[in-house]
1. What percent does the relative contact order of the chain come to when contacts are Cα pairs within less than 8 Å and at least six residues apart?
2. Leaving out ligands and nucleic acids, note down the accessible area per residue over the chain with a 1.4 angstrom probe, in whole Å².
3. Can you compute 3J(HN,Hα) from phi for each residue in the range 253-268, using the Karplus curve 6.51 cos²θ - 1.76 cosθ + 1.60 with θ = phi - 60°, rounded to whole Hz and x for Gly and Pro?
4. Provide the percentage of antiparallel DSSP beta bridges, counting only those with both residues in the range 110-197; round to the nearest 5.
5. Stretch GLU281-ALA85 to full length: gain in nm at 0.36 nm per residue minus the Cα-Cα span?
6. Sticking with the crude label model, points 7 Å out along Cα→Cβ, report the distance from THR257 to PHE65 in nm, one decimal please.
7. PHE151's amide H: which non-local residues (gap 5+, or another chain) put their own amide H closer than 5 Å, with H modeled 1.01 Å from N in plane and none for Pro or chain starts?
8. Taking a ≥ b ≥ c as the square roots of the eigenvalues of the Cα gyration tensor of the range 1-125, is the shape rounded (a/c under 1.5), prolate (a/b larger than b/c) or oblate?
Amino acid sequence: MDKYLGSYTIPRYPVYVISKGRADCCLTANFLLEDGCPFHIVIEPQERSEYEKHYDPSLLLDLPFKNLGQGSIPARNWVWAHSKAAGAERHWILDDNIRKMERRYKGQRIRCEAGIALHHCEEFVERYSNIAVAGLNYSMFCPEGSQAPPFALNVHVYSCLLIRNDLEQRWRGRYNEDTDLCLQVLSAGLCTVLFNAFLIFKVATMTMKGGNADELYKGDGRLKMARSLERRWPGVVETKRRFRRPQHVVKWNSFNTPLQRRDDLDWRAIKEARPTMHLIEVEEIQSEAMRQLKHDYDAG
């Protein structure tokens with residue numbers, strides 16, 4: 001690691017990592033621990049002994065069921081209920097195959113502490129009254145040197161989501177649960193926000209053991225997934241062949257609800273505020289572009 005952005009801030013809302021069959025390779029838990037970000041790993045009870053070999057038992061939350069064959073949906077709804085019962089207004093829910101979080105800064109992707117990334121996303125979300133779901137985009141969709149706005153409005157949010165707990169909608173079905181939840185809240189006249197200013201570096205689907213690969217993706221699973229979403233959202237979703245495989249395609253431009261600013265905030269102070277983040281060199285920088293960026297940052 002030769003570039004780093006952080007200051008040990010922790011998120012306001014509880015963070016949950018749902019994990020199955022990855023006690024020895026729960027990547028998300030590993031980087032959250034490294035970053036000092038509080039979280040819980042949500043597991044099925046029969047796997048507790050394996051997870052306790054790698055993580056403190058206090059980090060583990062046991063689900064009240066096991067091997068339902070319904071993918072992650074039951075676990076996601078359990079997390080929702082758990083956070084709501086704890087009195088939280090929102091909750092973070094993360095997949096277990098995320099290696100790190102990054103900050104996009106002047107065209108570069110810089111390793112960023114999880115607490116910093118999640119906290120600043122929370123601050124943005126809290127300024128508006130109608131954001132139902134928000135989250136961080138994948139690094140692969142924002143390559144270094146590319147142009148992208150700080151966030152995209154009313155689109156999909158995958159793998160790292162901040163969800164408002166008072167929503168009527170819930171996770172449902174068996175396939176494409178992230179896309180379906182976003183479509184549910186958008187159809188209800190609410191907004192989703194996908195951050196490009198902060199990113200997650202996620203391992204590609206089906207490249208790790210465990211998770212939903214065995215239950216959902218085997219055989220013609222991808223075609224079934226795409227078709228099921230198309231049937232649930234006719235006219236909004238269609239199935240096409242992309243990336244050499246069946247893929248659902250969503251008409252996100254069907255949703256154009258604008259963000260609604262809260263009227264109890266001082267928006268002038270918000271505009272003048274500056275994030276409390278610092279660019280720190282932890283090893284000798286190899287990239288010329290990053291050396292120049294660090295030089296300019298230090299020069300003020």
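1. 23
2. 49
3. In residue order, the calculated couplings are 5, 6, 10, 9, 5, x, 5, 10, 5, 5, 8, 9, 10, 8, 5, 5 Hz.
4. Counting DSSP beta bridges with both partners in the range 110-197, the antiparallel share is about 55 percent.
5. So the chain would gain 66.4 nm between GLU281 and ALA85.
6. Between THR257 and PHE65, the simple spin-label model gives 2.7 nm.
7. ASN196
8. Verdict is prolate for the range 1-125.
The values are calculated or read from the model by the stated rules, or taken from the named source; none is laboratory data. Owing to the predicted nature of the structure, the values given are computational and were not obtained by experimental measurement. So basically every Cβ, Gly included, is an ideal-geometry build from the backbone, and we count neighbours across all protein chains shown. The accessibility values were calculated without ligands, DNA or RNA, using every heavy atom of the protein model including side chains. Shrake-Rupley method; radii C 1.70, N 1.55, O 1.52, S 1.80 Å.
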